[in-house]
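Q: The structure's right below; bear with me while I get my questions together.
The values are calculated or read from the model by the stated rules, or taken from the named source; none is laboratory data. Quick caveat: nothing in here was measured; it's all calculated off a predicted structure. Note: ideal-geometry Cβ built from the backbone for every residue, glycine included; neighbour counts use all protein chains shown.
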């Protein structure tokens, strides 16, 4: 959900040039990126989400890709890779592979920009204790329940983890429940 405060933070993130949005969903964030990009590619694994996204972005030159992020390989490189509320859905055992993918997706000198939930979100999530990876139960407005991987980070811990993976990261809290980050492969500038 894009609150005015999150949108203000997005406006300050270095999103420009050829932009790739990972896990675009229904294009809630995509529509805020399109005017800042020379070209915009939006990727998601769910065809139903992409149909909504394509309808929302009708009239733009946004390129949509349906693919599983964990098996997808980029066919080009980007100046900026952006994702909102996606990193918390990457299982811990896939974190290194995901950031290696991000490295392959970036042009030299490019950066990753992201928004996500912080550890404080644990207060309002319903954890599933028996799951193999951090998982929460989500109840939707229609009453249906769904399980989702949910790995919550604090800014210092995530910064340290990305540093260990070869990234220079700057991650700051936005408010009690969210943070924003910028990451570049170490030695890329």
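Q: Where in region 99-189 are the strands (runs of 3 or more DSSP E), entirely inside, with at least 2 residues that are within 24 Å of residue 8 (Cβ to Cβ) and at pLDDT 95 or above? Quick ask: steps written out before the conclusion?
A: On the way: elements: 106-117, 135-139, 145-149, 167-173, 178-185.
Those strands (runs of 3 or more DSSP E) span 106-117, 167-173, 178-185.
Q: May I ask you to list pairs of residues, at least six apart or on different chains, whose Cβ atoms are under 9 Å apart, with the first in region 31-58 being in contact (Cβ under 8 Å) with a residue 60 or more places away in the chain and the second being surrounded by 16 or more Cβ atoms within 10 Å (Cβ to Cβ)?
A: none
Q: Further, regarding this structure: Being farther than 17 Å from residue 178 by Cβ and modelled with pLDDT under 95: is that true of residue 94 here? Spell out how you get there, then give the answer.
A: Numbers: farther than 17 Å from residue 178 by Cβ: yes; modelled with pLDDT under 95: yes.
Considered against the rule, which asks whether it is farther than 17 Å from residue 178 by Cβ and modelled with pLDDT under 95, residue 94 comes out as yes.
Q: I'd like the full set of residues that are more than 16 Å from residue 184 (Cα to Cα) and in a helix (DSSP H, G or I), limited to region 78-96.
A: 88, 89, 92, 93, 94
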